[in-house]
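**Q** Sharing a structure below in structure tokens format, with a few things to ask.
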Amino acid sequence: MTAQDWKDSGKFIDINENKLFVIDTDPATSDKETIVIISGYPLNSFDYHQIIDMLKDYYRVIIHDHAGFGFSDEPKDFNYSILDHANDCVKLYSKLKLKDFTILASQYGAMIAKEILHKKNYNLIPFNIKDVVITKNNSDQLYSSINAIYYLNSNKHIPKYKEVLANHDDKALFNTHDNGVFDEKYKDEEKVRVIWENFQTKERQKEVLILSNYNEEIFLYWHRWINAMKESNVRIHYFWRKDDFTNIQDALLLSSTYKKENFVMVENKNCYTIENEPKSWLLMILEEINKSTYHILKRETFVS
């Protein structure tokens, strides 16, 4: 399937003055269970097309591109906030008249799902959420980018990198000192030149905005989202990977302090990701939430 084929199979829905690209595999009158997929940066809806092809015979599947991602509108005034994306999800699901569904969310999308859980705990949304599946799904490249942006944000000379992009017109910002000590990372002038040229592109600036907000919000709302899972009565399936060092703290904290029957920690033993092994990744999840569909799809997928 090409990206154009994918676009042709979807539709656009107006949410907060932006047109969001939406894939909805069934009409609202369908009697299938509904599963909504909340994608995670840097992925968009097209990256899930293989698993949606597998799921659509058994579920009504809904996925959309967040504002500024994929085929959705690039908003004129938008901070790429996780909270804003969560509000968009709620409005979209309302427009689609959803009443009962399962959420499948990965990485960036997992934070959005936790914010939706927070709203559900306080009766701020009318939906019945059957299950929430949270996966840590992205590649090491995303973590490297997050760490790089974290460095820029934590430098006391650059409190908000968003402001740096707006207020600096040359690469001198890299020649900063912390307590009089020059940062060795930026001693190589050629590396500084390449970094600066990359930051001049619209896509790179967008990435900085997204990841800087991600860093800021996971710090500001960490307790809010941990408590959202602790306080929820929704069944939560939390998949973790042994190679996922950035999220091991949450996994350890949850496994040691959270003993409610509706919360299950599941190890992704083979470290599957949607990018590299989408079918195996999906089967791993279905084995946890829907064994009958899992067995059918496993036969169809791996038995010739």
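**Q** Within the stretch 10-113, how many Lys pairs sit with Cα atoms under 20 Å apart, leaving out pairs fewer than 8 places apart on the same chain?
**A** 17
**Q** Something else: Within a 10 angstrom radius of the beta carbon, how do L43, L253 rank from fewest other beta carbons to most?
**A** L253, L43
**Q** Hey, another quick one. Report the full-extension gain for the segment K32 to L253: residue separation times 0.36 nm, less the Cα-Cα distance, to one decimal in nm.
**A** Going from the current span to full extension adds 76.0 nm.
**Q** Starting at the first residue of the stretch 113-118, write each ³J(HN,Hα) from the Karplus equation 6.51 cos²θ - 1.76 cosθ + 1.60 with θ = phi - 60°, in whole Hz, x for Gly and Pro.
**A** Values, residue by residue: 4, 5, 5, 5, 4, 4 Hz.
**Q** A3 to T301: extension gain in nm, 0.36 nm per residue of separation minus the Cα-Cα distance?
**A** Full extension of this stretch gives 104.9 nm more.
**Q** Subtract the Cα-Cα distance of E231 and K206 from 0.36 nm times their separation in residues, and report this length gain in nm to one decimal.
**A** So the extension gain works out to 5.6 nm.
Computed from the coordinates by the stated procedures, all read-outs in this text should not be read as laboratory data. Nothing here was measured: the structure is a model prediction, and the numbers come from that model. With ideal geometry, Cβ positions are generated from the backbone for all residues, glycine too; neighbour counts draw on all protein chains shown.
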